[in-house]
Each structure stands twice: as structure tokens, then as C-alpha cells.
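S.K.: First the structure, then my questions, so here it is.
The values are calculated or read from the model by the stated rules, or taken from the named source; none is laboratory data. Note that the coordinates shown come from a computational prediction; the quantities given were computed from them, not determined experimentally. Positions of Cβ are backbone-derived with ideal geometry, glycine not excepted, and every protein chain shown enters the neighbour counts. The area values use the complete protein model at the heavy-atom level, side chains included, leaving out ligands, DNA and RNA. Shrake-Rupley method; radii C 1.70, N 1.55, O 1.52, S 1.80 Å.
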Amino acid sequence: MTTFKSLGLAEPILRALSGEGYTNPTPIQAGVIPAMLEGKDLVGIAQTGTGKTAAFVLPLLQRIQALNKRPWPKNCRALVLAPTRELAAQIEDGIRTYGQYLKTTSAVVVGGAKPGPQIRAMARGVDILVATPGRLEDHMQAGAIRLDETTTVVLDEADQMLDLGFMPAIRRILAALPKDRQTALLSATMPKQIRALAQEFLRNPVEVAVAPQSKPIDRIEQTLIHVEKANKRQMLVDVMKREKIDRAVVFTRTKHGANKLAQLLVNNGLKADAIHGNKSQNQRVRTLDDFKAGRTPILVATDIAARGIDVEGVSHVVNFDLPNVSEVFVHRIGRTARAGKSGIAISICDETEREFLRDIEKLIGFKLKLDPLSETDLVPEQAPEKPGSRNGRGNGRGRTRRAEGNGSKKPGTRKPRPNRAKKAKRPQQEAAQNADGQNTTAQNTSRTARPANRQTAKPKARKHRKGGNKPSVGADDAGLSRMLGNITRSQKPSQRSARQTAGQR
Ligand code: AMP
């Protein structure tokens, strides 16, 4: 079995790893570390939760400590670009942890924080600079940082950077770097634009692909609650009171909605806080710290704010709003069942979201199991509130969908229900395991050589672009397709039993 030692990592790094309790590399680490140590360009298809941060941080540290030289003032030896402030901060945390026995210096440069301390941190030069693209460009323009001595650049979560409209900035940043450099690009999905970026800016990259979510998804007990919109907020309270929560992330689509929900939960005696882009950087850091420490075990988050948050021990993911881009669903539920643990994902779907649900179930390849709290007599499907998200679709078809197993009831509207949390018990988990019992599969191939099962993966991930201007992720994503192939195969027993369970009710 591969160990970190056998990958040739230096003793101070091995010491830090063993302090963290890690002796064996994850598949993405086993693929990425040797390639990056050799100075090769790299495309890594991996999501958070696979150990990808250490996969690129460890070789960065090793190569920098081997140089044994100080960086030039206002310069950095290695640059890591990340889509969000939270992810950038988390990467730097990793650098500090894994580099604790080295003299390597690092700094974070992100929007929403005062530029002064960032400028001071860069003034003497820094070994590894972690940055979000917008703020880095501001500093470049102000002359606070130059990139002409930077020998390695890592683009982390490149697909998210694409979604957030960072591609023009990334192109400008890459153009400012020396031509003779190492470039590593990590992305959970591989849409055409990212592949094009890789082709343009990377030289002969090694490709490492893992199917990260296959096993975690198997370990997630997923249920679905149909509810009328009028009852939805109370339903969330019921769910949160019923569940034995260690740490939960509740997803909403809007920042305003996140605040309101957090307040609702607090008003109902639960410890909750919201995290989203309208909060100051300090507030976000504090909220996240409280969540990590378990002081506030419920975090209400928008997708962007939650992206990349790596908090161990998230026992629950609750989709208060279903995402209008179905791939986001997979990203969301991947917040739980990390590091070999199991997790619970509960999705609450109202009458305006049933088309989103259909897309999600199509993508994951099975129907979600009904939660006992699910309402059974439902109003007809309605168009979503958001303009532009589903215009002309799913609207006015006069179709009525109900919870399965209640076909004889007439649809009708009902008044909000009283608290039913005590009545319903959580159904037993039906953990379906992969036939091969493998967590992830790693392939280390040249860019042209494709992972073996890439072309056979089913169902094929397809574009879901219904959310206004938001670009879809995973259009032709091999990793995701493969992962979904795994889900489809492994979850079929659950699918059957979901129907049976529903039929019994
Ligand atoms: P990441 O994918 O970088 O977000 O990492 C997910 C989690 O896995 C983090 O909590 C890491 O600390 C942890 N981790 C990273 N490498 C290893 C490893 N080799 N063995 C066990 N856990 C790891």
C-alpha cells in the first residue's frame, strides 16, 4: 500500500501528517503528489472531501522547502487561486498545518477583508499566496504583488470559478505568470470551458480522476419531504427538532432567505446562524468557527457560501430549497458523510420545485425515499417564484403530483399544520454499498488517455441550465458521470424499497 513516506515527502511534512493521523494518501493524493513533485502540469478531477487540498499543498511545500531560498519582495513562489474566501482560508489552514515544521510562509488575499494587512503580508514576499481572483487582480494593478517569479500556480475548484464569472480574470492572471511554470488545475467537473482552459494554459498535463462521491453517497441516507409551500418553514422546524443533529447545513437559494430561516430556527429554540455573501468577512469567519466548534450546530447557507466548506462531522444536510441546477444537489449532500462517516440528507420539496426534483432524480438515477413527515395530499404543481428559472416549463400543465402511495386522494390545499415532529420517526437507513466496496478510483493518465470507464458511465451528466444566467456545471463531466453511474448501480435496492415504503403508507 502506498504511504506518504513512499511518495518521497520530506520528514517535517511526514511529521505534520502523522500529527494529523494520516499515514496513507487518498487516491487523489497518490495520483497528484508524485506528478506535482516531478514538476508536471496536472488536471485533477476531484471534489472537496477527497483530500485534494493536501494533494496539491504537500508537493508545493516540499518543492518550496527544497529551494531553500527566500521569495522576492512583493512576489510569491506559488499561487493558489480559489473561488471563495472560505475555501481560500481553508487552503491556507492546510498549508499552515502541513507546513508547521517548515519555514514556509503563506498569506491569504481575498475580497471582503481590509487590503492593508494583505499588502503588508506580501511586501516581504511570500512562499505560497492563496487568493481569490478579483482581489488578487486589484493587488496586481496596485503593484502590491508581481507574479514574474512564481513557479507554480494551482487553480482550485476551477468549475466554480467558471460559474462565478472568474474566467476572464483567471486568463489575465495566467498571462501575467512566467511561461515556464507548473500549472495544476483541479475541478469537480470538467465542462468544455475548463478543458479548453487546460488545453490553452497547461503543457502535457497528467490527468488524475477520482470518482469522489461514489462511496460517500452510498453512506448518505437520503429522504424527501413533499410539503406545501405554506407549511415549509414549519416543516423545517419539525425536521430539525426530530433529528439528532451533530452539525447540520441547511441550504437555501437566497441570502435573505438564509437570514430568515436562521432566525426562525433560533425563535424555535434551536442554535442556528446564517452564512452568505452579504455578511462581512469577520462575521463569516466567526460563524464558521462557531459551527466548527459545535457552538452553533446549525448553519443556514447559500450554495456559494457553503462551497468548499470542509467541516468534519456534518451529520445532516437539509435542502430547504431544492437547487435549480441539479448537479448542485450532489455538491450539497456531499457536505455530509465525509471521512468515512455516514450522513443524512433531507430534501424538502414544495409545489413550485417539483420540476427541480424531477431533474435531480433523473440525474442521480433513482427516486428519493419518502420521509414519514412528507405530506401526502398536495396541491398541483406551480411555477417557481423566481422569474427566468423555469419560464414556460412546468407551468400551467394542470398536472397534479402527489406523494407516492396516495393515488386515490384528491389534491387540495390545506392550512399550515401544527407541529408533527413527535409523530414521525426517521426511517431506517438503507445503506447500499458499491459492489466493489471501493471508495474512490484514481487514474493517472496522460491528458489524451481517458479513464477506463469514462465513456461507459451512465446516466450521462447533462446540462441543466434553468437558473437564469447561472452557468450549469458538469455538462460533459466524466467524474460526475462515473460517480452517477455508481450511484445508479448501488442505489437500486433503495429505489425499490422507497417505492415499497411509500406504497405501504
Ligand atoms: P479535502 O478534500 O481537501 O477537503 O479534504 C477532506 C478531509 O480529508 C479533510 O478534513 C482533510 O483533513 C482529510 N484528509 C486529507 N488527507 C487525508 C488522508 N490522507 N487521510 C485521511 N484524511 C485526510
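S.K.: Report, to two decimal places, the Cα Rg of segment 220-378 normalised by 2.2 N^0.38 Å (N = number of residues).
M.R.: Against the empirical 2.2 N^0.38 Å value, I get 0.96 for segment 220-378.
S.K.: Now for a separate question. Can you compute the modelled spin-label distance between E200 and N282, with each label point 7 Å from Cα toward Cβ, in nm?
M.R.: The modelled label-to-label distance comes out at 4.0 nm.
S.K.: For L370, L102, give the ranking by accessible area with the largest first, probe 1.4 Å. Could you put the intermediate results ahead of the total?
M.R.: Details: L370 5, L102 30 Å².
Result, largest first: L102, L370.
S.K.: List the residues, sorted by chain then number, that are 5 or more residues from V206 or on another chain and whose placed amide H is less than 5 Å from its amide H.
M.R.: Placed amide hydrogens put D41, L42, V43 under 5 Å from V206.
S.K.: Taking amide H positions as placed 1.01 Å from N in the peptide plane, with prolines and chain starts having none, which residues 5 or more places from L155, or on another chain, fall under 5 Å of its amide H?
M.R.: L81, A184, L185, L186
S.K.: Search the structure for amide H atoms under 5 Å from the amide H of S347, placed 1.01 Å from N in the peptide plane, and list their residues when 5 or more places away or on another chain.
M.R.: Result for S347 returns T223, L224, I225, N319.
S.K.: While we're on this one: Return the subset of K271/K367; K40/K192; K244/K271; K260/K369; K229/K255; K229/K369 for which the Cα-Cα distance in this structure is over 24 Å, preserving the input order.
M.R.: Working: K271/K367 32 Å; K40/K192 22 Å; K244/K271 13 Å; K260/K369 28 Å; K229/K255 18 Å; K229/K369 20 Å.
Table pairs above 24 Å Cα-Cα are K271/K367; K260/K369.
S.K.: Cross-link list K114/K179; K241/K292; K52/K292: which exceed 27 angstrom alpha carbon to alpha carbon? Write out the running numbers ahead of the final one.
M.R.: On the way: K114/K179 31 Å; K241/K292 20 Å; K52/K292 20 Å.
Too far apart for the 27 Å limit: K114/K179.
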